[in-house]
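Accompanying notes for the structure given below.
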Amino acid sequence: MSAGTLVRLDGTVADRSLPLLRADDLGVLRGDGVFEALLVVDGRPWHLEEHLARLERSAAALGLRAPDTQLWRRCLATAIDRHGASGETYARFFLTRGPEDGGPQTGFVLLDDVPDSTRRFRAEGVRIVTLTRGHVTVPPEQAPWLLNGAKTLSYAVNMAAQRWARSHDADEAVFLAEDGTVLEAPTAAVVLAPGGRRLLTPSPDLGILPSIALRGLFRAAAAAGWECDHARLTTADLLGGEGVWLVSSVRLCARVRSIDGTVRPPGPHEEEIAALARRP
């Protein structure tokens, strides 16, 4: 795996081993910023326009000035050109509020090879544990200050949930609301095949991140004759369905092979759903 490429928002390539941010950058001090992540296959970014649009929406939710999307496109093109356009890589776009004294915002793009662990989860599936999120969910428009639906840098809880899962004989966590409603994984959406050619996923109205990878899967699945919809789901629904997957922009689609220690055998749609998730 090669060292990744770093490009500043002004288009200059930087050395990843050297300092990039000021010590008082609010992205570091308070997690005050936004980001996006997308897959790049043989130099082609997947769903780039949708990711840039979500980055703008996230920035607006935080009151950040979103840079012109052409700047991000140029940075990404520079990173791909420098890193090499063959194989699978993934790009991350970062925008912080900048220094504490009110200086300019900080923006940059990282491009890295897709990790071996991600490829393994695609091929072998994941074991999940369900964890409470610990608060009542509300639609984003009812409490915009909670930043529900924005992809912010404040991922400490998400990472803590993943560490908890991995220290308890699992690979990934899935969050539940106080009433047991399924929400999302720390870095992925949840998809259920309850039976027949139907796919269900929790609604963004629950305060979860609207998933671009999920929308792509649903478009491809609908074209292939699947009925796709939002629904309130429980752990019992996940255990009783024909298949469950975690879907995200870089991991694409990982079959859930156990839930809270209960093994789920492969269902009848595993190969088809995996193939649909790989359509850019």
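The values are calculated or read from the model by the stated rules, or taken from the named source; none is laboratory data. All values derive from a computational prediction rather than experimental measurement. No Cβ is skipped: glycine too gets one built from the backbone with ideal geometry, and neighbour counts run over all protein chains shown.
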* Quick one: V190 ticks every box in (1) over 18 Å from the mean Cα position of the chain (by Cα); (2) surrounded by 16 or more Cβ atoms within 10 Å (Cβ to Cβ) bar one, so which box is it? -> (1)
* Structure fact -> Checked pairs for segment 110-122, first assigned by TED's automatic domain parsing to the domain that holds F93, second of a type in the set (K, R) and in a strand (DSSP E or B), C-beta under 7 Å and 6 or more apart or across chains, list as L110/R92
* **Number of positions in segment 224-244 that are within 22 Å of R127 (Cα to Cα) and in contact with a helix residue (DSSP H, G or I) (Cβ under 6 Å, 6 or more places away or on another chain)** => 1
* **Selected residue (only one of L64, L39, L6 is closer than 30 Å to A143 by Cα and either modelled with pLDDT of 95 or more or exposed (fewer than 15 other Cβ atoms within 10 Å of the Cβ) (or both))** => L64
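Quick grid of which residues meet (1) among the aromatic types (F, W, Y); (2) surrounded by fewer than 21 Cβ atoms within 10 Å (Cβ to Cβ); (3) closer than 19 Å to A150 by Cβ; (4) not assigned by TED's automatic domain parsing to the domain that holds R44:
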residue	(1), (2), (3), (4)
A79	no, no, no, no
G84	no, yes, no, no
G87	no, yes, no, no
R92	no, yes, yes, no
D101	no, yes, no, no
* Asked: Of all residues in segment 189-247, how many are touching a His at 6+ places or on another chain (Cβ under 8 Å), of a type in the set (G, A, S) and part of a helix (DSSP H, G or I)?
  -> 2
* To do: Taking the residues in segment 109-132 that are touching a Ser or Thr at 6+ places or on another chain (Cβ under 9 Å) and in a loop (DSSP other than H, G, I, E, B) as candidates, determine which candidate is farthest from R8 (Cα to Cα).
  => G125
* **Matching residues in segment 1-27 - criterion: being within 14 Å of D112 (Cα to Cα) and part of a loop (DSSP other than H, G, I, E, B)** => M1, S2, A3, G4, D15, R16
* Asked: Across segment 155-188, what is the total count of residues that are part of a strand (DSSP E or B) and either in contact with a Leu (Cβ under 6 Å, 6 or more places away or on another chain) or among the basic types (K, R) (or both)?
  -> 5
* Asked: G241: surrounded by 13 or more Cβ atoms within 10 Å (Cβ to Cβ), over 26 Å from A150 (Cβ atoms) and either touching a residue at least 60 places away in the same chain (Cβ under 8 Å) or not assigned by TED's automatic domain parsing to the domain that holds E184 (or both), yes or no?
  -> no
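Residue-by-condition table, conditions (1) among the hydrophobic types (A, V, I, L, M, F, W, C); (2) at pLDDT 95 or above; (3) farther than 26 Å from S167 by Cβ; (4) out of contact with any Pro (no Cβ under 6 Å at 6 or more places or on another chain):
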| position | (1), (2), (3), (4) |
| --- | --- |
| P202 | no, yes, no, yes |
| L206 | yes, no, yes, yes |
| G243 | no, yes, yes, yes |
| A254 | yes, yes, no, yes |
| S258 | no, yes, no, yes |
| V263 | yes, yes, no, yes |
* To do: Starting from segment 196-224, keep only residues that are within 19 Å of G267 (Cβ to Cβ), then list their pairs with residues that are among the small types (G, A, S) and not in a strand (DSSP E or B) whose Cβ atoms are within a distance under 7 Å, requiring at least 6 positions of separation or different chains.
  => R197/G225; L199/A221; L200/A231; L217/A277
* All positions within segment 28-48 that are within 25 Å of G98 (Cα to Cα) and either in a strand (DSSP E or B) or of a type in the set (S, T, Y) (or both) -> G33, V34, F35, E36, A37, L38
